[in-house]
């Protein structure tokens with residue numbers, strides 16, 4: 001499948017997700033979110049030059065998508081109330097953004113079609129003569145300009161760690177294959193031993209990828225049991 | 001004493017830029033309710049002229065009707081672009097509906113940092129910012145009268161389907177929308 | 001097509017200064033007799049409003065009726081007695097150090113729209129504007145001679161750290177992206 005997402009620059013995770021859903025003409029719900037999950041991940045992989053904060057935003061949304069996806073893969077998977085809430089919040093925020101986006105389009109088109117109103121300049125035709133301000137002297141002007149120069153927005157320094165560097169799903173996939181092949185099977189918790197949240201998410205993503213590709217099978221022991229991974233029979 | 005609505009017309013004509021109800025009330029020594037009523041009257045009296053009242057929240061301005069834009073366009077220096085980028089339009093829509101709001105509220109709805117877009121809108125004069133009364137270190141943003149003029153509207157309710165959007169949006173946002 | 005008298009009204013409203021019949025005839029593509037007739041019609045239509053048509057030789061101007069001069073005086077006095085706002089002082093400082101510059105350049109440096117503050121500085125005689133030699137549709141602004149004298153400067157480059165600040169502001173403007 002060719003991803004159009006690669007050429008488009010999205011404005012953050014919600015814009016990306018909503019655009020993907022709308023491209024497929026889907027409604028916003030858990031089912032559609034699990035359907036665009038792969039496109040979303042594909043998009044994340046193409047991102048290179050964003051700040052760490054933005055990368056975190058993309059990942060947080062990605063994590064919620066993983067929850068949704070894993071529930072479709074493992075129907076018995078129990079979610080915590082917080083997790084349920086984050087899914088609900090994601091859906092609501094997307095719906096809200098969708099409404100605003102429609103409103104924005106309306107404004108955009110209306111502005112393009114309609115002619116503007118013009119007003120006149122203040123005190124047009126009046127001559128006031130020279131009205132010097134109080135408290136303005138060269139030193140005051142100097143300090144005003146100096147403050148303005150200080151507050152000039154600096155071009156965003158390129159983030160030290162770009163998302164591309166943080167998320168190397170391919171690398172993690174390779175590492176997981178090795179580890180799981182060693183153990184042959186094992187509880188999910190142990191297999192995805194991650195140092196931080198980002199790595200945990202990436203690990204999970206990689207794992208889902210492997211399950212999807214048929215490398216592994218999952219099995220859950222009882223309702224609250226650990227999820228076990230087994231190498232799929234070749 | 002001349003009729004209040006005409007006195008408002010005279011002030012708006014000379015001042016040119018938007019004037020607040022508050023300031024009109026001070027200059028004309030009338031209370032705000034009287035000013036509002038007289039402004040409504042002025043709005044009616046302007047029907048049939050080339051001029052119209054642009055009214056947003058507490059600010060009023062006189063402007064030419066859209067039908068005359070082509071004639072006056074050549075006289076107005078500083079050409080205004082008629083295009084809005086998608087990011088600008090989205091942010092503007094949020095501010096027009098929800099403003100006055102802080103940057104972080106706009107960020108939350110868009111799911112992205114809006115500072116660049118806000119700066120663009122400020123430069124174009126389509127939104128204005130004030131110091132946040134709840135936190136002096138931040139700003140609150142609201143749509144400006146320039147935004148209405150850009151759309152060619154006297155009031156935001158004249159935007160087709162505005163009521164419909166308002167209703168749909170209020171289903172998601174429980175608290176009341178900003179005064180317009 | 002809109003009625004000619006209203007089109008004249010729109011043009012006089014925007015222009016502010018007196019406009020010759022000749023120029024109106026050119027802008028509106030109507031002959032002078034038609035313009036004169038339509039002006040008479042406009043004069044009649046303005047009865048009952050705060051505005052009136054003033055003939056100055058061969059020129060026409062829209063103005064407020066004398067009955068409103070007291071209100072207009074109050075407005076003017078109030079405007080004149082106001083000290084410079086922070087926004088105006090900032091804009092003035094930018095023009096002093098970086099002028100001559102266009103409005104959009106001032107807007108870009110400040111990050112907000114400057115049309116009102118520029119107007120305010122102009123009517124106070126602190127800055128002056130000329131047609132932009134690079135783009136006839138826009139103006140360029142610079143500190144007025146009177147303001148320089150008021151500051152006790154012979155030339156603008158006698159401002160403290162003039163060269164360094166000017167260079168920094170120019171560098172920022174060079175990075176200015178295309179209009180959004």
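The values are calculated or read from the model by the stated rules, or taken from the named source; none is laboratory data. From a predicted model like this one, the values you see are computed outputs, not experimental measurements. Here Cβ is always computed from backbone atoms with ideal geometry, including for glycine, and neighbour counts include all displayed protein chains.
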What is the one condition in (1) over 30 Å from residue B:99 (Cβ atoms); (2) within 14 Å of chain B (Cβ to nearest Cβ); (3) surrounded by fewer than 15 Cβ atoms within 10 Å (Cβ to Cβ) that residue A:65 does not satisfy?
(3)
Extreme residue, surrounded by the most Cβ atoms within 10 Å (Cβ to Cβ), among residues of the stretch C:15-44 that are over 22 Å from the mean Cα position of the chain (by Cα) and under 29 Å from residue B:3 (Cα atoms):
C:42
Answer yes if at least one residue in the stretch C:127-134 is under 30 Å from residue B:131 (Cβ atoms) and modelled with pLDDT of 95 or more, and no otherwise.
yes
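Results for (1) more than 29 Å from residue C:67 (Cβ to Cβ); (2) touching a residue at least 40 places away in the same chain (Cβ under 8 Å), shown as yes or no for each residue.
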| residue | (1), (2) |
| --- | --- |
| C:5 | no, yes |
| C:9 | no, yes |
| C:14 | no, no |
| C:24 | no, no |
| C:31 | yes, no |
| C:36 | no, no |
| C:40 | no, no |
| C:43 | no, no |
| C:47 | no, no |
Is it true that residue C:97 is facing chain B (nearest Cβ under 10 Å) and in contact (Cβ under 8 Å) with a residue 60 or more places away in the chain?
no
With respect to residue C:12, is the statement that it is surrounded by 15 or more Cβ atoms within 10 Å (Cβ to Cβ) and in contact with a helix residue (DSSP H, G or I) (Cβ under 7 Å, 6 or more places away or on another chain) true?
no
Any chance you could count how many residues in the stretch A:111-130 are over 34 Å from the mean Cα position of the chain (by Cα) and either within 30 Å of residue B:110 (Cβ to Cβ) or surrounded by fewer than 18 Cβ atoms within 10 Å (Cβ to Cβ) (or both)?
10
In the stretch A:17-33, which residues are assigned to a helix (DSSP H, G or I) and surrounded by 17 or more Cβ atoms within 10 Å (Cβ to Cβ)?
A:17, A:18, A:19, A:20, A:21, A:32, A:33
Within the stretch B:106-136, restricting attention to residues that are in contact with a strand residue (DSSP E or B) (Cβ under 9 Å, 6 or more places away or on another chain) and surrounded by fewer than 16 Cβ atoms within 10 Å (Cβ to Cβ), which residue is farthest from the other protein chains (Cβ to nearest Cβ)?
B:134
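Out of the residues in the stretch A:74-90 that are surrounded by 14 or more Cβ atoms within 10 Å (Cβ to Cβ) and outside any helix (DSSP H, G or I), state the one that is farthest from the other protein chains (Cβ to nearest Cβ).
Only one residue fits best here, namely A:74.
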For the stretch B:84-94, the count of residues that are more than 7 Å from chain A (Cβ to nearest Cβ) and closer than 12 Å to residue A:111 by Cα equals 1
Return only the number of the condition from (1) within 14 Å of chain A (Cβ to nearest Cβ); (2) crowded, with 21+ Cβ neighbours inside 10 Å that residue B:76 does not satisfy.
(2)
Condition first: under 27 Å from residue C:12 (Cβ atoms) and outside any helix (DSSP H, G or I). Can you find one or more residues in the stretch B:82-101 that meet it?
yes
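Return yes or no: is residue C:178 more than 9 Å from chain A (Cβ to nearest Cβ) and modelled with pLDDT of 90 or more?
no
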Sort out which residues of the stretch A:140-166 are crowded, with 17+ Cβ neighbours inside 10 Å, at pLDDT 95 or above and more than 22 Å from residue C:175 (Cβ to Cβ), and write them in order of number.
A:141, A:142
Could you tell me whether residue A:44 is within 12 Å of chain B (Cβ to nearest Cβ), over 28 Å from residue B:169 (Cα atoms), buried (at least 17 other Cβ atoms within 10 Å of the Cβ) and in contact (Cβ under 8 Å) with a residue 24 or more places away in the chain?
no
Every residue from the stretch B:70-81 that is at pLDDT below 85 and assigned to a helix (DSSP H, G or I):
B:73
For the structure I just gave you, tell me whether residue B:9 is over 22 Å from residue C:47 (Cα atoms), at the interface with chain C (Cβ under 9 Å from one of its Cβ atoms) and either modelled with pLDDT of 95 or more or not in a helix (DSSP H, G or I) (or both).
no
Could you check, for the stretch A:91-110, whether at least one of its residues is farther than 30 Å from residue C:123 by Cβ, within 14 Å of chain C (Cβ to nearest Cβ) and surrounded by 17 or more Cβ atoms within 10 Å (Cβ to Cβ)?
yes
So which residues in the stretch C:147-180 are surrounded by fewer than 16 Cβ atoms within 10 Å (Cβ to Cβ) and farther than 21 Å from residue C:103 by Cβ?
C:149, C:152, C:154, C:155, C:157, C:158, C:160, C:161, C:163, C:164, C:167
How many residues does the stretch A:111-145 hold that are over 24 Å from residue B:166 (Cβ atoms) and more than 7 Å from chain C (Cβ to nearest Cβ)?
6
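Of all residues in the stretch C:45-69 being outside any strand (DSSP E or B) and touching a strand residue (DSSP E or B) at 6+ places or on another chain (Cβ under 7 Å), which is surrounded by the most Cβ atoms within 10 Å (Cβ to Cβ)?
C:50
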